[in-house]
Ligand code: DC
């Protein structure tokens, strides 16, 4: 997951390959709640691992449920309908799928078994309405205190032992603000439905019906059938008891699929195909119907059980995309993706019946309108609609994400602006990319796995300098701050030297050394060098490895053999490369080149400190002399001698520690970027 302050997406041009979706948020949190309420143990496979499921798991633990997680499955041992603890304070982040059903379930259990529970969340959660659910629960006889503003969390639910609820009269709940109120009641009522049936009647038109269908489907999996009369009246049979299905598999998230369906429609051209695994024609999620809307806009979609395959439509028929007018009540979350597809359509797209967008993670109508305008689109919006005409001039925008995962995922697709005719194509900066952790922590990694672009579009920052100038630490921190890959090119020379030492290759056998370099199986896992499956961090830093590396790096044959490998590190979303010739030879087109010029006395002092801290004794004079020999060697060799590129920025970091050096280079980088 990217936890950087922002993530810059370079212009992207194509998409191809297979993605596997994380589990559905709606199904995961309902299954967790049901498994926590029923008797016995439920083994849940393919559970979504995200912020919203974490808060639900934490809540279940706090309530005394058994929770065991392994790589294969999550095992939940439920309460069997009986409270194991009489009081708890639950923090539910911004997870509506946890707040609403837990409020209802705890309210009815506290009212009949006794107890007191507090439920709160992040500030935005306290702006998301829950009043209709609270009122419905009060009709039943539940005690609920609104601890902040009336109608909003935080809430306290409480009750006395052997309290009574009035389940004989039909309860009424409004269905036009959030369908989660009805879902929450349907999930809670089986806990208190005994001799007589419980009936829920929906007032006003029910929105987002497919989410209620997920609830009914999962209730059935846990042994409770609900009789449904249209979308107005729901009856839970007397004597309903939750029973664990034993084992259950969560299907992939259909709302998350929408980004990749859109991606296929936009960028899987000329024989490319985007295959999406984890969700398909057999899905129980309403958002799966997003693909019909995508088809209407021009996508070619094939589907089967558990999979979808998406291609761009034929020129003139499905490409450019067709603008549509659509009532999106049945796909409220995925419909946001249509708003971004509209950027690639001819004409004006109008999405209607989306008032529920206003009470989601953020006011999504306002947020979407404002960010699409930032990109250059013409947008008009009203209480329950949005209308989008694509930009004639694309702007290089910094897009805000409002702590809303879907804003970040949707707007990432704007990086394909070249396909919508942007001239020149522009990068897109996504603020706070971490927000995707709510439902799809690896979204950007997954996107970069299938998105393609010309290597020249992928930004490179070159950090060159002499030995012990601190370029390695600087480059690593910089890469981390930007979410970019890091190439420590010195490690490639050192690894070649290490292979030579291991295989007793003579230090002047140039051909043998070049073939070792060409076949180098070196990878980096979380920054650690792995050579032929072994972590070689320490071995690469040994003195004799470094000495040999210095010697063999003067051979043009070795340098050439490592050239291609170095280029292959230029991957999305960007690269920070450090070495001696990053800016001059390997990445001469790097967008920013920095050359470190710390003096040799200061570098000797740092290297000496490093050695001492590792328990290696050395005299500072000897270290200094050795550095100067290496400098001379690096500067005087015939190929790729150490020297700053003509367009490099010289940075004397003699008196700078690592953080201010990083800050300096980040400032330089910002001034090089085309964003406002
Ligand atoms: O930066 P370092 O000390 O890990 O580099 C090891 C050796 O490799 C060093 O003697 C110089 C050489 N090298 C090079 O010639 N070109 C690079 N791009 C990186 C390192």
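Throughout, read-outs are computed from the coordinates displayed, never taken from laboratory work. Predicted model, so just to flag it, every value in this text is computed and none were measured. Heads up, the Cβs are rebuilt from the backbone with ideal geometry, glycines too, and the neighbour counts pull from every protein chain shown.
What whole-number distance in Å separates the alpha-carbon centres of region 222-248 and region 530-579?
First find each Cα centre; the distance between them is then 62 Å.
Would you mind getting the Kirkwood hydrodynamic radius of region 115-181 from its Cα pairs, rounded to one decimal in Å? Kindly include the intermediate steps, with their values, before the conclusion.
Values: mean 1/r = 0.0784 Å⁻¹.
When all Cα pairs of region 115-181 are included, the Kirkwood radius is 12.7 Å.
Over region 146-193, with a single point scatterer placed on each C-alpha, what log10 of the ratio I(q)/I(0) does the Debye formula yield at q = 0.22, 0.24, 0.25, 0.31 1/Å?
Here the Debye-derived log intensity ratios amount to -1.11, -1.19, -1.21, -1.15.
Using 0.36 nm per residue, how much length does the chain from residue 612 to residue 75 gain when fully extended, once their Cα-Cα distance is taken away?
Separation in residues times 0.36 nm, less the Cα-Cα distance, equals 188.4 nm.
Taking the Cα atoms only, what angle lies between the long axis of helix 600-613 and the longest principal axis of the chain, rounded to 10 degrees?
Taking the Cα atoms of the chain, the angle to 600-613 is about 60 degrees.
Using the alpha-carbon atoms, what tilt in degrees (0 to 90, nearest 10) does helix 51-62 show relative to the longest principal axis of the chain?
60
Expressed as a whole percent, how much of the Cα-Cα distance distribution for the chain exceeds 45 Å?
The share of Cα pairs beyond 45 Å in the chain comes to 34 percent.
If the viscosity is 0.890 mPa s and the temperature 25 °C, what Stokes-Einstein diffusion coefficient in µm²/s follows for region 515-598 when Rh is the Kirkwood radius over Cα pairs?
It comes out at roughly 170 µm²/s.
What distance in nm separates the simple spin-label points at residue 194 and residue 58, each placed 7 Å from Cα in the Cβ direction?
3.6
Let me check I have the definition right: for region 472-555, take the eigenvalues of the Cα gyration tensor, multiply each by 5, take square roots. What are those semi-axes in whole Å, largest first?
Calculated on Cα positions only, the semi-axes equal 24, 13, 11 Å.
Give me the tail of P(r) for region 575-676 as a percent: Cα-Cα pairs with distance above 17 Å.
Numbers: 3186 of 5151 pairs.
Percentage above 17 Å: 62.
Between residue 161 and residue 243, what's the calculated FRET efficiency when r is the beta-carbon distance and R0 is 25 Å? Round to 0.05. Please list the in-between numbers first.
Working: r = 26 Å, r/R0 = 1.02.
E between residue 161 and residue 243, to the nearest 0.05, is 0.45.
Over all distinct Cα pairs, what is the inverse of the mean 1/r for region 214-351, reported as the Kirkwood hydrodynamic radius in Å?
Final number for the Kirkwood radius of region 214-351 is 16.5 Å.
Can you list the equivalent-ellipsoid semi-axes of region 224-287, largest first and in whole Å, using the square root of 5 times each Cα gyration tensor eigenvalue?
Equivalent-ellipsoid dimensions as semi-axes: 37, 16, 7 Å.
Please determine, in degrees from 0 to 90 and to the nearest 10, the orientation of helix 471-482 with respect to the longest principal axis defined by the Cα atoms of the chain, where the helix direction is its Cα long axis.
20
Within a 10 angstrom radius of the beta carbon, how do 260, 91 rank from fewest other beta carbons to most?
Exposure proxy ranking, most exposed first: 91, 260.
Rounded to the nearest 500, what is the chain's calculated 222 nm mean residue ellipticity when only DSSP H runs of at least 4 contribute -39500 (n - 2.57) each, over all residues? Write out the running numbers ahead of the final one.
Values: 21 runs with 240 residues, N = 676.
So the calculated ellipticity at 222 nm is -11000 deg cm²/dmol.
May I ask for the Rg/Rh ratio of region 95-233, computed from Cα atoms with Rh as the Kirkwood radius, given to two decimals?
0.94
Relative contact order for the chain: what percent, with Cα pairs under 8 Å and sequence separation of 6 or more?
13
On a C-alpha basis, how far is the centre of region 128-181 from the centre of region 353-370 in Å? Whole number, if you could?
When both Cα centres are located, 25 Å separates them.
Please report 247, 557, 387 as a ranked list, fewest other C-beta atoms within 10 angstrom at the top and most at the bottom. Please list the in-between numbers first.
Values: 247 12, 557 16, 387 19.
Placing the least packed residue first, the sequence is 247, 557, 387.
Taking the Cα centre of each part, how many Å lie between region 31-79 and region 396-418?
Value for the Cα centre distance between the two parts: 32 Å.
Starting from the Kirkwood radius over alpha-carbon pairs of region 69-126, derive D by Stokes-Einstein at 10 °C in a medium of 1.306 mPa s and give it in µm² s⁻¹.
124
Calculate, in nm to one decimal, what residue 373 and residue 348 gain on full extension: separation in residues at 0.36 nm each, minus their alpha carbon distance.
7.6 nm
Does region 172-251 come out rounded, prolate or oblate by the C-alpha gyration tensor, with a ≥ b ≥ c the root eigenvalues, rounded set by a/c under 1.5 and, if not, prolate when a/b is larger than b/c and oblate if not?
Oblate shape, in that a/c is at least 1.5 and b/c is the bigger or equal ratio.
So for each of 220-233, 172-185 I average, over its residues, the number of other beta carbons within 10 Å; can you give me the resulting order with the highest mean first?
Ranking the peptides 220-233, 172-185 by packing returns 172-185, 220-233.
Take the Cα atoms of region 557-615, build their convex hull, and give its volume per residue in Å³.
Hull volume normalised by residue count: 144 Å³.
At residue 384 and residue 657, where each label point lies 7 Å from the Cα along Cα→Cβ, what is the point-to-point distance in nanometres?
Distance between the two pseudo-spin positions: 5.9 nm.
Along each of its three principal axes, how wide is the spread of alpha-carbon positions in region 509-660, in whole angstrom units, largest first?
Projected onto its principal axes, the Cα set of region 509-660 covers 38, 35, 34 Å.
Modelling each spin label as a point 7 Å along the Cα-to-Cβ direction, I'd like the residue 532/residue 18 distance in nm, to one decimal.
Spacing of the two 7 Å Cα→Cβ label points: 3.1 nm.
How much length is gained if the chain between residue 359 and residue 147 is pulled fully straight, taking 0.36 nm per residue apart and subtracting their Cα-Cα distance, in nm to one decimal?
Extending this stretch completely gives an extra 74.3 nm.
Return P(r) of region 406-559 (all Cα-Cα pairs; 5 Å bins starting at 0; whole %; ordered from short to long distances).
It works out to 1, 7, 14, 15, 15, 13, 10, 9, 8, 5, 2, 0, in whole percents.
When DSSP assigns beta bridges and you keep just the ones with both residues in the chain, what percent turn out antiparallel, to the nearest 5?
60
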